[in-house]
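Scroll down for the structure; my scribbles are underneath it.
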Protein chains: 2
Amino acid sequence: MSHQENLTAYIAAFVGELVTAGVKDVVVSPGSRSTPMALMMAAHPELRLYVHVDERSAAFFALGMAKASHRPTAILCTSGTAAANYYPAIIEANSSRVPLIVLTADRPHELRDVGAPQAIDQIHLYGRHVKWFMEMATPEDSPDMLRYARTVCARAAATALRAPAGPVHLNFPFREPLLPDLLKQNLFEHEERTDKYVGIHSGDLTLSTEKYQEISKHINQFEKGIIVCGPIDNSELTESIIQLAQKLQFPIIADPLSQLRSGKHNKDYIIDTYDTFLRNDEGRQALKPDLILRFGAMPVSKALSGFIKENIAAVQYVIDGGAGWRDPSAAASEMLYCNERDFCRSVAKYASSAKRSRYLKRWVDLNDFTKMSLRKVNDIAELSEGKLFWQLAEFIPDQSVLFVANSMPIRDLDTFFHNSEKSIRIMANRGINGIDGVISTALGAAAVSGPVYLVVGDLTFFHDLNGLLAAKLYSLNIKILLINNDGGGIFSFLPQAAEPEHFELLFGTPIGLDFEHVVRMYHGTFTRVSDWSSFNSAFQRNIEDDGLSVIEIPTARDRNLSEHRELWNDVSQEISGFLKEE
Amino acid sequence: MSHQENLTAYIAAFVGELVTAGVKDVVVSPGSRSTPMALMMAAHPELRLYVHVDERSAAFFALGMAKASHRPTAILCTSGTAAANYYPAIIEANSSRVPLIVLTADRPHELRDVGAPQAIDQIHLYGRHVKWFMEMATPEDSPDMLRYARTVCARAAATALRAPAGPVHLNFPFREPLLPDLLKQNLFEHEERTDKYVGIHSGDLTLSTEKYQEISKHINQFEKGIIVCGPIDNSELTESIIQLAQKLQFPIIADPLSQLRSGKHNKDYIIDTYDTFLRNDEGRQALKPDLILRFGAMPVSKALSGFIKENIAAVQYVIDGGAGWRDPSAAASEMLYCNERDFCRSVAKYASSAKRSRYLKRWVDLNDFTKMSLRKVNDIAELSEGKLFWQLAEFIPDQSVLFVANSMPIRDLDTFFHNSEKSIRIMANRGINGIDGVISTALGAAAVSGPVYLVVGDLTFFHDLNGLLAAKLYSLNIKILLINNDGGGIFSFLPQAAEPEHFELLFGTPIGLDFEHVVRMYHGTFTRVSDWSSFNSAFQRNIEDDGLSVIEIPTARDRNLSEHRELWNDVSQEISGFLKEE
């Protein structure tokens, strides 16, 4: 076999199997060493190929696609620092359990550690932050080696998907010349086992019936139970968790990323204003639980984490089908490694039906009262970060994706974006909560789903400006609500604010950019609003638009801080009053 | 001791020692976990502190400062993906031997791998791409632990500097609350050993006198010797290498990054057009060496690497004071691990003086002839990438720094930017030759040295657009010559160009951006020139300007390819003619 025949057959086998394994989208960054794989991907009729020059944005873009589609998504880049640019998105994927297949091209062995250009040590380049790493064999067209290429590919996709989902990394040494023969007949027709090479069937973690019965019996002993549902993106879970709540008569403390706050399902048990009323001492006292059933990652609300931590005496079951250790408060009493839906169904089946308790009523009443009390955020005449989310909940069209950035937006969303009959999928990068890659992740979601609304502050927007290129090149439909308070708003809420001398330099970090320029460079529309009426008309106008649009909402960091504090104070006083009357 | 007293004393000791160890510049990215170190750095009167929101650009910015100043430069960021954004610059620093001190803040041990926010496994986060990693102890104010903090700091700086220089990584676990007491008296006055805690004196690698004599004797046996000087940034080496050439009567094949092409030193032996004449078969035949003395990293010229590879029978000494393995052609016959200047001086001392050979004359004559022949690039009427460098060599002011991007600019510089009496420091990121971080590296150089001229293509410019923020925030003086051929120009020169179907999609990758918008966002001036006369006037106008200015030179990729091919063809024919006459 010639060098080119070896290269062609081996890479075609790999790329063909990628499609068989369910990969539909690949994100390629330009480079020379990755040529064989890039050309083969471009030649495959069933792959959607996106090109992204900046590998950091490329990887976050793929992360967004994989998050939104629950399909493994592949990224490909050349050797050298290109591959290092993938690192932030890989770490986020690993932590937030998103299936990514990372393919890096490399120099062949004889060109490593000898000062050859663009050659670095790519073996275990991402350390412990990928689920699986394989250094691939050099291309060879023999039955054994084609079988190997296809098997590794199938394993990579299955490993990326298997709970907990995450990134895998395959490193490909390619020798020059790098051009495969794309004119070869039946390039992607596997000669042997035409469908897939080997099927990989991954079971879910499940406890024994006896164990579920024992747990159910145990749970039934508690009167003051709550279900805490943190970030977990599994639409199949919704109904089972609600059935469990009905059976046990427990409230569900629903993080905005639990996907429980919006949709047509029964919301009688869904508590969505706890972030506010758990700041109130009397509220926390009135609601002390003796049992906590916890699903998903840790919720965003600091008030809730504090509440969990101060109720360390309560029995706490942590249910995790991905067998992690999601317990920063060190408050868990039992770790249950089993599929979450399985758990809900089993306990709903084996537990006895509970009656509606005074305790549940207290959660629901306090939630209703707080929601009413919070409405006063709408009275704020000036542009306000909190009110924005209330407005958004009202105006966002059904079936949209709402992507929120970290720092303040996700927190304000938690406080002000409540239950809704609309089906709004809420997404965020809550693995590591970074300010990096947010635009690209949202655009990736837009590439595989409907229109995306992204709410983002100015520093996070700045960090991934390069990500906007995908919106231009692929005409993606994204509507960005850019909260511009010229700096890091969240720091005003932290003790650092007490250091007036260095605060603006190190934490406030105003960058003073007029983003209209850069949005125009990417052929987007830009509207800077000055009041709520201009916001509303800009928002309505943008609903029908395709492509990239940015509405900038200028706010002030210090006013935002005092607004939040005043509001929480007011509401807290009302809550205290309400609890006394009760 | 209280928590705050422990934190304050320990971090003050560390930061104080950082200054004692010679660190003058720190680049901090905003974040919460890094608060103790960030505040302490801001409080130190002898540190220049730069804030950069995007950690990827921040690290390259620090790389540029360290490269230009030869001083270890520190970077600081918060925990999580922030730290992963440093990876590309760290890998470049490791490969190009630049001293960086990477400081990452981390959660304390009890908050690791338990689902706490922004917590990742930061132990050995950069794998094998740093010279040294230490997980720091939690802060403690005891004589032992202050001594420990100071000693580790001194070791970090010394390790970063010691040949081969490179990055080191210290990971700091910080427990809340994070505020140190900046009002403490005599914050940075070390009570014990006030100057430095321990002096670290690093010797250079040096061979024995007998070995140098033996080598000198061996070298004297060869008639056709050449000195190849690749990228090496050591102004102390210049004179010794020229003395060696004089003694041995060898030509010096000087890469543009050898720093030998410009300055007031004797240039009789400096060959600077080999990239052109070594493309000519007869030229290569006429110049076959029997001995090669090689210094520095591998030169950029592919013609030269090919020449070295085809002369694998020649004896090749590779001299490397950093004890690496810089031999991608696998052509070395002796690896000499000793300080380069030491080597030059010793051999100049022990070797017998050679007479000017016909062989040396042939190199010099061919070099002179080629340079004359290349002048015809100036006849190109249209804007041309090659001619740009000839023009630049003519117009660039003395004492400037010229930073060139990878891909085409460094290659065109190699071909068209010849010896000059002006003192022009030429810089590039030639460790891994990435297209990432180039703007930031150049701006880092501008922050510690005079005005910087940066020549960069559009994809490389795009990749690090965020880097421009530093130019705005710190009013840095940078003049960017932006060659805009809307895509990856270098690929047209590669075999990939033969794949017309997918070429533009995967390799040409036009992004179609009007960069004027983004330059204005960063308060820079932008001039798009349409011909050489407008280029010249824009260039002259910018010389006096401070701050950020961008001159865009629009070119076409296909015309650029044919221009280069025609020119090399013409010159090659003339060279063949010249060699026949000779």
- Message: Using a 1.4 Å probe on the protein heavy atoms, what percent of the accessible area of the stretch B:209-371 belongs to carbon and sulfur?
- Response: 46
- Nearest-0.05 FRET efficiency for A:Gln399 and A:Lys371 at R0 = 22 Å, using Cβ-Cβ distance, is 0.40
- What is the stretch B:13-106's relative contact order, in percent, from Cα pairs under 8 angstrom and six or more apart in sequence? 33
- When the charge dipole of the protein assembly as shown is computed with +1 at the Cβ of Lys and Arg and -1 at the Cβ of Asp and Glu, the Cα pointing farthest to the positive end, of A:Ala332, B:Tyr274, A:Leu388, is that of A:Ala332
- Message: Quick query: amide H of B:Ser420 versus all other amide H atoms, modeled in the peptide plane; which residues come in under 5 Å with a sequence gap of 5 or more or a different chain?
- Response: B:Ser262, B:Gly263
- Rg/Rh for chain B, where both radii come from Cα atoms and Rh is the Kirkwood radius: 1.00
- Item | Among A:Ser562, A:Val438, B:Ile480 the positive-end extreme of the charge dipole of the protein assembly as shown (Cβ point charges) | A:Val438
- Task: About the Cα centre of the stretch A:151-229, how large is the charge dipole given +1 on each Lys and Arg Cβ and -1 on each Asp and Glu Cβ? Please answer in debye to the nearest 20.
- Result: 260
- Message: Report the Rg/Rh value for the stretch A:245-324, based on alpha-carbon coordinates and the Kirkwood definition of Rh.
- Response: 0.94
- Message: With the crude spin-label approximation of a point 7 Å out along Cα→Cβ, what separation in nm comes out for A:Thr138 versus B:Val364?
- Response: 4.4
- Item | Pairwise label distance in nanometres, A:Ser333 with B:Glu214, each label 7 Å out on the Cα-Cβ vector | 7.7
- Message: Do any residues of the stretch B:324-349 show a loss of at least 30 square angstrom of accessible area between the isolated chain and the full protein assembly, using a 1.4 Å probe, and if so which?
- Response: B:Trp325, B:Pro328
- Message: Using the Karplus curve 6.51 cos²θ - 1.76 cosθ + 1.60 with θ = phi - 60°, what ³J(HN,Hα) values do you get for each residue of the stretch A:307-317, in whole Hz, with x for Gly and Pro?
- Response: 4, 4, 5, 6, 9, 5, 6, 5, 6, 10, 8
- Item | Apportionment of accessible area to carbon and sulfur, the stretch A:1-135, percent (1.4 Å) | 48
- Note on the structure: Mean per-residue count of partner chain Cβ within 10 Å for A:117-130 equals 5
- Please identify which residues in the stretch B:219-235 have an amide N closer than 15 Å to a label point set 7 Å out from the Cα of B:His265, following the Cα→Cβ vector. B:227-235
- Skip the ligands, DNA and RNA, and give the accessible area per residue of the stretch B:102-155 with a 1.4 Å probe, whole Å². 42
- Note on the stretch A:69-90: residues buried by at least 30 Å² of accessible area once partner chains are added (vs chain on its own, 1.4 Å probe) come out as A:Thr81, A:Ala84, A:Asn85, A:Tyr87, A:Pro88
- Message: Please list 3J(HN,Hα) in residue order for the stretch A:499-513, calculated via the Karplus relation 6.51 cos²θ - 1.76 cosθ + 1.60 where θ = phi - 60°; whole Hz, with x for glycine and proline.
- Response: 9, x, 5, 10, 4, 5, 4, 9, 10, x, 5, x, 10, x, 9
- Solvent-accessible area per residue for the stretch A:60-99 at a 1.4 Å probe radius, Å²? 12
- Task: Taking H placed 1.01 Å from N in the peptide plane, check which residues at least 5 places from B:Asp106 or on another chain put their amide H under 5 Å from its amide H.
- Result: B:Phe172, B:Phe174
- Message: Can you give me the distance in nm between label points at A:Glu5 and B:His70, each placed 7 Å from the Cα along the Cα-to-Cβ direction?
- Response: 5.7
- Task: Of the options A:His502, A:Phe491, A:Pro451, report the single residue whose Cα projects farthest towards the positive end of the charge dipole of the stretch A:380-568 (beta-carbon charges: Lys, Arg +1; Asp, Glu -1).
- Result: A:Pro451
- Which value at 222 nm does chain A reach when only helices count, each DSSP H run of 4 or more adding -39,500 (n - 2.57), with the total divided by all residues and rounded to the nearest 500 deg cm²/dmol? -12000 deg cm²/dmol
- Message: In whole percent, and with a 1.4 Å probe on the protein chains, what portion of the accessible area of the stretch B:380-568 is carbon and sulfur?
- Response: 52
- Item | Three-way shape call for the stretch B:209-371 based on the alpha-carbon gyration tensor, with the a/c threshold at 1.5 | rounded
- Per residue and in cubic angstrom, what volume does the convex hull of the Cα atoms of the stretch B:3-173 have? 98
- Protection proxy (average C-beta count within 10 Å per residue), highest first, orders B:290-300, A:335-345 as B:290-300, A:335-345
- Note on the structure: SASA check, B:Met372, accessible area w/ 1.4 Å probe, all protein chains in place, rounded to nearest 10 Å², comes out at 130
- Between copies, how close do the B:Arg358 label points come, placed 7 Å along Cα→Cβ, listed in nm from shortest? 11.3
- Message: Give me the summed buried accessible area for the B-A pair, 1.4 Å probe, to the nearest 100 Å².
- Response: 6600
- For the B:Asp281, B:Ala498 Cβ pair and Förster radius 22 Å, calculated FRET efficiency rounded to 0.05 is 0.40
- Query: Average partner chain C-beta neighbours within 10 Å, per residue of B:463-471?
  - Reply: 3
- Query: Between copies, how far does the label point of B:Arg284 sit from its twins, in nm, shortest first, when each point is 7 Å from Cα along Cα→Cβ?
  - Reply: 7.6
- Message: Quick check on the stretch A:380-568: take the gyration tensor over C-alpha atoms, sort the square-rooted eigenvalues as a ≥ b ≥ c, and tell me if it's rounded (a/c under 1.5), prolate or oblate.
- Response: prolate
- Item | Inter-copy label distances at B:Tyr474 (7 Å, Cα→Cβ; nm, one decimal) | 3.5
- Message: I'm a student and want to see the number: the projected area of the Cα convex hull of the protein assembly as shown, averaged over all directions, in nm².
- Response: 46.7
- Note on the structure: Counting only residues 5 or more apart in sequence or on a different chain, those whose built amide H sits under 5 Å from that of A:Ile292 are A:Ile226, A:Val315, A:Gln316, A:Tyr317
- Task: Could you list, in their original order, any pairs among B:Lys224/B:Lys376; A:Lys288/A:Lys309; B:Lys217/B:Lys267; A:Lys247/A:Lys302 whose Cα atoms are separated by more than 22 Å?
- Result: B:Lys224/B:Lys376; B:Lys217/B:Lys267; A:Lys247/A:Lys302
- Rounding to the nearest 20 debye, state how big the charge dipole of chain A is about its Cα centre with +1 on each Lys and Arg Cβ and -1 on each Asp and Glu Cβ. 1440
- What list of whole percents do you get for P(r) of the stretch A:80-217, with Cα-Cα distances grouped in 5 Å bins up to the one holding the largest distance? 2, 8, 14, 16, 16, 14, 12, 7, 3, 3, 2, 2, 1, 0
- Note on the structure: Protection proxy (average C-beta count within 10 Å per residue), highest first, orders A:394-406, A:16-28 as A:16-28, A:394-406
- Query: Taking a ≥ b ≥ c as the square roots of the eigenvalues of the Cα gyration tensor of the stretch A:413-453, is the shape rounded (a/c under 1.5), prolate (a/b larger than b/c) or oblate?
  - Reply: oblate
- For the stretch A:188-328, what relative contact order do you get, as a whole percent, if you take Cα pairs closer than 8 Å and at least 6 residues apart? 25
- Task: May I ask you to evaluate 6.51 cos²θ - 1.76 cosθ + 1.60, the Karplus curve with θ = phi - 60°, for each residue of the stretch A:412-417 and list the ³J(HN,Hα) values in order in whole Hz, giving x for glycine and proline?
- Result: 5, 4, 4, 6, 10, 10
- Task: Skip the ligands, DNA and RNA, and give the accessible area per residue of the stretch A:380-568 with a 1.4 Å probe, whole Å².
- Result: 30
- Taking Cα pairs closer than 8 Å and at least 6 residues apart, the relative contact order of the stretch A:3-173 in percent is 28
- Query: When all protein chains stay in place, what accessible area (Å², nearest 10, 1.4 Å probe) is found for B:Met134?
  - Reply: 50
- Item | the protein assembly as shown, dipole about Cα centre (Lys/Arg Cβ +1, Asp/Glu Cβ -1), debye to the nearest 20 | 1400
- Message: What figure, in Å² to the nearest 10, do you get for the accessible area of B:Ile200 with a 1.4 Å probe and non-protein molecules left out?
- Response: 70
- Task: Evaluate E = 1/(1 + (r/R0)^6) for B:Lys288 and B:Glu46, where r is the Cβ-Cβ distance and R0 equals 35 Å; express this FRET efficiency to the nearest 0.05.
- Result: 0.05
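The values are calculated or read from the model by the stated rules, or taken from the named source; none is laboratory data. Everything quoted here is computed from the prediction, not taken from an experiment. Note that each Cβ is placed from the backbone with ideal geometry, even for glycine, and that neighbours are counted across all protein chains shown. Please note that ligands, DNA and RNA were not included when accessible areas were found on the heavy atoms of the full protein model with its side chains. Shrake-Rupley method; radii C 1.70, N 1.55, O 1.52, S 1.80 Å.
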